[in-house]
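Colleague: One structure is given below, represented as structure tokens, and several questions about it will come after.
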Amino acid sequence: MFTLQRNISLASLSTFHIGGKANYFTKVTGALELASAIEYGEQNNLPIFIFSGGSNVLFSDRGFPGLVIRIEDGGIKIDKQKIFCGAGVTLLDVVHTSCENNLAGMEKMAGIPGSLGGAIRGNAGAFGTEIGSVVHSVKAYARDTGMLKEYSQKMCEFGYRTSIFKKHPNLIIISAELILEPGEKSILQKIASDTMVLRESKHSQKAMCAGSFFMNPLVKDEKLLAEFVKDTGNVSKDGKLPAGWLIDYVGLRGKQIGGAMVSKQHPNYLVNTGTATAEDVVMLASLIKTRVRDELGIRLREEVQYVGLDQ
Ligand SMILES: Cc1cc2nc3c(=O)[nH]c(=O)nc-3n(C[C@H](O)[C@H](O)[C@H](O)COP(=O)(O)OP(=O)(O)OC[C@H]3O[C@@H](n4cnc5c(N)ncnc54)[C@H](O)[C@@H]3O)c2cc1C
């Protein structure tokens, strides 16, 4: 059974450290607890929001006027090249467990904050790898039917920072089976720790933020694509340009509204300098979107999920 709590600060559960209180809050592990928490919320006509690691959400300053459900843990089991994990296990635990067991494929995801479920929902990735590529199957609970269903990798419809679970928010990931390649523990652990050092050199990973705020957009403007190559020495990936480069291009690196700031080091990180409200972040994001649209004709879309905020 789940334990219900009242007036819980959402700021402390999000890497942005922003947000008011949840009227009702509970932690769950597994499908049964999740189903009974959802049933409680529905019977009491409460709006429901379900999340896990809190590293890709921006909670409203007013909090959430309903029931917030946090998925936690769920365990990790290994069978030869397969790893079975609960959705609330942290991605870092999955990375460490895979490396420890001589299994390759997760090591470059070391340091991506949050849970396995959150990672699968947004097909999280870094340095050329994405979680979707190692997923064999996912078990998800459908809020509308109350049924558990297994999704093969193909059924998950993984794409750039997306999956069927992002397209259909009524599907809640309960667990997943990953298939990895044989590898050598010491090499994999070295790659994982080097990756964490590299991430830290690109931006402090302890900053109060949600990582990259916007997704990298597809850009057709040949002149702009050529300018990117000239400026950075890199070629665009799949016709996309880094949102951070575009934000810098329109002169918003370091721009601050209230306590929210475009990071000087990585302009796609919008950081809470200590006093930011959700409203500050939304106003800053909105200024960025307007400038990039008006000056470059490109529409930026948020990777971060707004909760309880008007969009
Ligand atoms: C410093 C920093 C660096 C980051 N670097 C990267 C990076 O390199 N690559 C990258 O891809 N991301 C990165 N991120 C973003 C974030 O870590 C990922 O998006 C992460 O996968 C989110 O997982 P979470 O558990 O924290 O999700 P949450 O923030 O808890 O939730 C995000 C969304 O997922 C949904 N969700 C959560 N759990 C489930 C579930 N079990 N079933 C269905 N929906 C669910 C929530 O409803 C919400 O809509 C970074 C974030 C930070 C703070």
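Colleague: For the chain, modelled as a GNM with alpha-carbon contacts under 10 angstrom, which of S36, S137, S175 fluctuates the most?
Modeller: Result: S36 has the largest fluctuation of those listed.
Colleague: Same structure again: Among the trypsin sites (Lys or Arg not before Pro) within the range 166-208, which fall in a DSSP loop and have no more than 14 other Cβ atoms within 10 Å of their own Cβ?
Modeller: Within the range 166-208, the qualifying trypsin sites (Lys or Arg not before Pro) (loop, at most 14 other Cβ atoms within 10 Å) are K206.
Colleague: Could you tally the net charge around V28, taking each other residue with its Cβ under 10 Å from the Cβ of V28, Lys/Arg +1 and Asp/Glu -1? Show your work: numbers first, answer last.
Modeller: Working: positive: K27, R70; negative: E33, E72, D73.
Here the count lands on -1.
Colleague: Within the set of other residues whose C-beta is less than 9 Å from the C-beta of G86, count the net charge using Lys and Arg as +1 and Asp and Glu as -1.
Modeller: Details: positive: none; negative: E72, D73.
Every neighbour counted, the sum reads -2.
Colleague: A further question on this structure: Give the order of M215, M155 when sorted by the count of other beta carbons within 10 angstrom, beginning with the fewest.
Modeller: Listing M215, M155 from fewest to most nearby Cβ atoms yields M155, M215.
Colleague: Can you give the FRET efficiency to the nearest 0.05 for K230 and T290, using r as the Cβ-Cβ distance and R₀ = 35 Å?
Modeller: The formula returns an efficiency of 0.85 here.
Colleague: If we count other beta carbons within 10 Å of each Cβ, what is the order of F59, F51, fewest first?
Modeller: F51, F59
Colleague: Write out the chymotrypsin sites (Phe, Trp or Tyr not before Pro) in the range 77-156 meeting two conditions: DSSP loop, and at most 14 other Cβ atoms within 10 Å of their Cβ.
Modeller: Qualifying residues, ordered by number: F127.
Colleague: Now a separate question. Give me R70, R293, R121 sorted ascending by neighbouring Cβ count inside 10 Å, so fewest comes first.
Modeller: Ascending number of Cβ neighbours within 10 Å: R293, R70, R121.
Colleague: Oh, and also: Too long at a 22 Å Cα-Cα cut-off: which of K108/K167; K82/K202; K77/K202; K108/K202; K27/K167? Provide the component values of the computation, followed by the final result.
Modeller: Working: K108/K167 26 Å; K82/K202 32 Å; K77/K202 33 Å; K108/K202 15 Å; K27/K167 24 Å.
Checking Cα-Cα distances, K108/K167; K82/K202; K77/K202; K27/K167 exceed 22 Å.
Colleague: Moving to a separate point now. So, counting K/R as plus one and D/E as minus one, what does the shell of residues with Cβ under 11 Å around A140 add up to?
Modeller: +3
Values quoted throughout were computed directly from the atomic coordinates according to the rules given, and no laboratory measurement underlies them. All values derive from a computational prediction rather than experimental measurement. Please note: Cβ atoms are built from the backbone with ideal geometry, for glycine as well, and neighbour counts cover all protein chains shown.
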